[in-house]
Amino acid sequence: MNNIRFLRFMSRTRTLCGGYNKHPGFLQQSLKRCMQTSVSISQIMKEKEIFHDALPGIIDNLQASSKISQLPEVGNWVRTVLEHNLRGGKHSRGLITMLSYEMLETPEKITEEKLKLSKVLGWCVEMIQAYFIVVDDIMDRSTTRRGMPCWYRMPNVGLGALNDSILIHCAIMETLETYFGKKEQYVDVVRLFNETLLYTSMGQHLDFTTAHHKKDYSLFTIDRYESIVKYKTSCYTFRLPVLLGLVQVEDVDKRMYKDVDDICFKLGRLFQMQDDYIDCYGDESVIGKAGTDIQEGKCSWLAVTALQRCNDAQRELFTNYYGSDKPEHVDIIKRLYEKRAFEDVLPEVINILVEGPKLTDLPNARRWIRQLLEYTLCGGKLGRGLMVSVGYRMFEEPYNFSEEKQHSARILGWCVEMLQTSYVVGDDIIDCGRVRRGKPCWHLQPNVGISAVNDFVLLKQCIMETLVIVFGKTPIYTDLLRYFNESMYRATLGEHLDCSTAYSKEKDNIHMLHMDHVNAIAINKFAYCSFKLPIFVALLLVKNGKEKASEELINICMNFGRLVQYQDDYIDAYGNEIVTGKNGRDIQEGKCSWVAATALQHCNDAQRSIFKEYYGSNDPEHVKRIKRLYDELCLPQLFEACERTMYDDIVQQVQDVEHDGVRQFLLEVLNVTYKRVN
């Protein structure tokens with residue numbers, strides 16, 4: 001047998017492992033990088049049917065064996081154990097075993113007897129998979145497997161499943177003895193199974209001890225991960241099936257075995273990376289099991305990759321919440337994963353702009369735009385951009401999801417962040433801000449100053465240039481322009497209201513500080529840019545997404561905007577600059593904020609006079625007096641009650657949203673928003 005036939009077979013294994021795609025986007029993109037094959041799904045289904053037809057005979061022979069037939073009760077239980085734990089799933093390991101002989105043997109040397117034996121070996125490999133699944137589910141406290149309750153959670157099973165796993169192991173050995181006991185390959189076959197059981201148990205040990213090392217994430221390295229993959233996944237998922245096929249092949253070139261080990265390890269790594277990704281992002285109704293890697297603190301590809309890229313604050317977040325089974329902690333880790341993936345797209349977005357045709361002959365402009373974007377876009381929570389990225393994933397049905405559109409969502413997320421950043425730059429100039437996102441405001445940077453006004457405009461044009469370069473020839477381009485232009489117009493109106501309603505003692509315009517103006521500012525300046533834009537842009541990427549873009553959803557976005565603006569106003573007065581990353585200026589600037597309007601609603605005449613005297617002043621003592629007045633009026637308690645009422649009202653609105661993904665997304669955003677401190 002030559003190496004060409006082996007490579008063709010390895011190409012085929014990729015089809016078998018990807019043919020029953022559990023999470024379309026990521027796997028399809030991964031498999032596209034692999035060797036292409038013309039095998040059709042119908043062909044795979046036919047082969048799977050042939051493979052399945054062999055199982056009843058194997059179980060019958062096992063039950064009728066001399067060792068088991070003496071105890072019919074045990075024989076019936078063995079049948080129950082095998083039928084439950086071998087049912088469902090892709091059976092890709094068994095199919096690879098069956099096909100390895102058929103594809104690696106020279107056609108004229110293939111025999112019916114060996115084809116039959118290749119199916120038997122395939123089911124023995126599936127029994128190994130079942131053996132490890134039973135044990136793994138107990139160790140990981142999993143709840144479902146292949147769309148059914150895990151074996152240990154079945155009635156009258158419990159921890160007796162540990163003994164059942166040993167029964168499965170014994171069933172493998174008994175089956176091998178029945179079919180191969182008198183054949184020359186018997187010793188090699190048993191050796192391969194025992195070797196695989198040892199290697200996989202070693203990998204299982206590494207996996208378990210790494211996950212339960214009391215939050216010592218120094219062990220979460222790529223070398224450790226690859227050791228787990230090599231022994232836990234590659235050995236029995238690829239290496240064993242291929243070597244079992246080669247056992248039956250005549251005239252095998254022994255030099256091929258090194259290639260088998262190398263290629264099977266690489267396939268195992270790809271396969272495990274996919275499984276890790278699916279565990280986090282897969283839909284349980286599609287993949288047939290609940291993901292638990294985060295809860296169990298597993299050394300997964302996502303965890304290792306995230307830790308490689310984390311800054312100190314993100315690493316602290318990971319340490320605090322990874323390995324917790326609390327849903328809110330799991331959500332925090334998933335958001336951390338997505339934030340890292342989102343941040344990785346920024347260099348691409350910047351390159352799209354600075355390498356565009358309009359800047360070819362303008363090297364100084366290219367350098368300035370890169371500097372502007374890298375400084376102003378980095379830092380911060382990136383909440384608006386992440387809403388586009390996460391929103392697409394949650395709005396789209398799993399069978400329509402694609403990595404290409406997920407990538408587009410991240411690019412659009414950065415366009416949303418550019419819009420927000422443009423107003424941040426302008427706002428800081430108007431309000432004489434000093435600190436933004438934990439660093440000096442852009443206009444305070446050397447060689448910037450008042451030219452930041454032009455950069456405010458430049459940031460907006462960077463959005464338009466990105467949209468035309470990336471999406472100009474797509475069907476959603478017109479709608480993108482409409483949504484971004486609407487948000488720009490609304491935000492500009494909101495900024496005007498914010499400036500024109502500000503109080504000053506000289507103007508004596510205290511009548512401007514009322515809740516109607518507060519709400520108008522919140523809706524125009526905040527709700528459109530921060531909620532409607534990212535949510536409705538994400539829906540443009542979703543199949544039939546426009547059907548979900550309802551008036552009810554717009555109304556929810558407006559209420560989100562009001563809630564978050566009220567919070568911003570409160571945090572400006574009561575927040576810690578170290579935590580918030582910016583210095584509060586609303587009192588000094590005489591802003592029409594929720595805090596000011598609410599204070600005036602509760603002031604007596606004397607307190608109103610104090611407010612008029614000191615509000616809108618830059619004098620630190622005057623600012624302190626206003627803050628004391630807020631405390632006298634019990635503003636913290638009033639805000640807490642207002643925030644709770646708004647939260648409850650929005651929850652009620654969101655519960656009426658029909659689409660599960662949209663509803664879940666809105667509730668997650670609301671829960672992240674509620675009681676925030678920065």
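Summary table
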| item | result |
| --- | --- |
| Residue count for region 173-202, restricted to those that are aromatic (Phe, Trp, Tyr) and within 43 Å of the chain's Cα centre (by Cα) | 2 |
| From the options Glu613, Glu589, Glu621, Glu577, residue that is of a type in the set (D, E, K, R) and within 39 Å of the chain's Cα centre (by Cα) | Glu577 |
| Residues located in region 434-444, provided they are surrounded by 16 or more Cβ atoms within 10 Å (Cβ to Cβ) and assigned to a loop (DSSP other than H, G, I, E, B) | Arg437, Cys441 |
| Identity of the residue in region 186-232, at pLDDT below 90 and in a loop (DSSP other than H, G, I, E, B), that ends up surrounded by the most Cβ atoms within 10 Å (Cβ to Cβ) | His213 |
| Condition broken by Gly94, with the remaining ones in (1) within 21 Å of Phe265 (Cβ to Cβ); (2) at pLDDT below 90 satisfied | (2) |
| Filtered residues of region 445-464 (kept if surrounded by fewer than 16 Cβ atoms within 10 Å (Cβ to Cβ), on the phi < 0 side of the Ramachandran plot and assigned to a helix (DSSP H, G or I)) | Ile450, Ser451, Val453, Asn454, Val457, Gln461 |
| Hits in region 359-380 (condition: touching a residue at least 24 places away in the same chain (Cβ under 8 Å) and either in contact with a Cys (Cβ under 9 Å, 6 or more places away or on another chain) or part of a helix (DSSP H, G or I) (or both)) | Ile369, Leu372, Leu373, Glu374, Tyr375, Thr376, Leu377 |
| Any hit, region 324-332, residues being charged (D, E, K, R), under 28 Å from Leu667 (Cβ atoms) and part of a helix (DSSP H, G or I) | yes |
| Residue check for Glu577: in contact (Cβ under 8 Å) with a residue 60 or more places away in the chain and touching a Cys at 6+ places or on another chain (Cβ under 9 Å) | no |
| Verdict on Ser285 being modelled with pLDDT of 85 or more and surrounded by fewer than 20 Cβ atoms within 10 Å (Cβ to Cβ) | no |
| Region 527-555, residues that are under 17 Å from Tyr647 (Cα atoms), surrounded by fewer than 23 Cβ atoms within 10 Å (Cβ to Cβ) and not polar (S, T, N, Q) | Glu552, Leu553, Ile554 |
| Only one of Leu635, Leu670 that is surrounded by 13 or more Cβ atoms within 10 Å (Cβ to Cβ) and modelled with pLDDT under 95 | Leu670 |
| Qualifying positions in region 348-358 - in a helix (DSSP H, G or I) and touching an Asp or Glu at 6+ places or on another chain (Cβ under 9 Å) | Ile350, Ile352, Leu353, Lys358 |
| Neighbours by Cβ (under 7 Å, 6+ apart or cross-chain): first from region 158-185, under 14 Å from Ile58 (Cβ atoms); second modelled with pLDDT under 95 and charged (D, E, K, R) | Glu174/Lys67 |
| Considering residues of region 153-183 that are of a type in the set (A, V, I, L, M, F, W, C) and within 18 Å of Leu121 (Cα to Cα) only, the residue surrounded by the fewest Cβ atoms within 10 Å (Cβ to Cβ) | Met173 |
| Those helices (runs of 4 or more DSSP H) lying entirely in region 547-630 with at least 3 residues of a type outside the set (A, V, I, L, M) and assigned by TED's automatic domain parsing to the domain that holds Tyr647 | 551-574, 586-589, 594-602, 605-614 |
| Yes/no for Ile369 being at negative phi and surrounded by fewer than 22 Cβ atoms within 10 Å (Cβ to Cβ) | no |
| Condition met for Leu206 (in the same structural domain as Tyr131 (by TED's automatic domain parsing), closer than 23 Å to Met103 by Cβ and touching a helix residue (DSSP H, G or I) at 6+ places or on another chain (Cβ under 7 Å)) | no |
| So Gln272, is it closer than 29 Å to Ser142 by Cα and in the same structural domain as Thr106 (by TED's automatic domain parsing) | yes |
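The values are calculated or read from the model by the stated rules, or taken from the named source; none is laboratory data. It should be emphasised that the depicted structure is a prediction, and the values quoted were computed from it without experimental measurement. Glycine also receives a Cβ, built like all others from the backbone with ideal geometry; neighbour counts cover every protein chain displayed.
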